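The values are calculated or read from the model by the stated rules, or taken from the named source; none is laboratory data. Keep in mind that what you see is a predicted model, and the values were worked out from it rather than measured. Ideal geometry is used to build each Cβ from the backbone, glycine not excepted, and the neighbour counts take in all protein chains shown.
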Amino acid sequence: MEKPEPKVDDKQTTERRIGGYLHRVVPIADKSGEIISYALKPLMVEFKVRDVIQVMIGSALMATPVSMSEEAWNLARDLPKANMIAITTVSLLLVAAFVFYNFYRHSFKGHLFDFVKRVLGTYLLTFIVVAAILTVLQKCPWEENLELAFRRIVIVAFPAVMGGTLSDMVK
């Protein structure tokens, strides 16, 4: 009769900072249960400068073609306020779901602040990048119509935040 494979207890798994980055240290046990080695898995739960730059580049990549579209400018002008709020809410929920599933699913406990910081930071950075692009294109009428400027940013930020979130996955 074969012995079942020993399971290493999650309590033995620890988090350690190695080279400035957090890693999960997972013990590897032999059949007798004795730890013979350790595996390191990088934890991507901190929102560092590299992540900020990746979000900005990914957002710019997605925002540029959409921000040059007259359809986006007109859509922002014509949609009711409730729809604009819904677009913002859906953007944040999609980013939160993606970030949770890809970064925090196994390490949410103890990293709630980092999760919120990453989700809100990603959206805010995208919002700033989109605002800059639309301003350069003279499609963000800050002085004439502040509400229209924000509406256009929200419309263009919807796909842009997805691009920023995806580029943040690149490590």
Practice problem: Find all pairs meeting these conditions: Cβ atoms under 8 angstrom apart; at least six residues apart or on different chains; first residue within the stretch 10-36 and over 18 Å from D114 (Cβ atoms); second residue among the basic types (K, R). | Solution: T13/R24; V25/R16; V26/K41; K31/K3
Quiz item: In this structure, is I57 modelled with pLDDT of 85 or more, on the phi < 0 side of the Ramachandran plot and under 25 Å from the mean Cα position of the chain (by Cα)?
Solution: yes
Quiz item: Just for the stretch 63-122: of the residues that are charged (D, E, K, R) and assigned to a loop (DSSP other than H, G, I, E, B), which one is surrounded by the fewest Cβ atoms within 10 Å (Cβ to Cβ)?
Solution: K109
Quiz item: Has the stretch 10-31 got any residue that is within 20 Å of A132 (Cα to Cα), touching a helix residue (DSSP H, G or I) at 6+ places or on another chain (Cβ under 6 Å) and at pLDDT 85 or above?
Solution: no
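Looking at this structure, is F113 modelled with pLDDT under 95 and not basic (K, R)?
So F113 fits the description; yes.
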Quiz item: Among (1) assigned to a helix (DSSP H, G or I); (2) surrounded by fewer than 19 Cβ atoms within 10 Å (Cβ to Cβ), which single condition is Q138 missing?
Solution: (1)
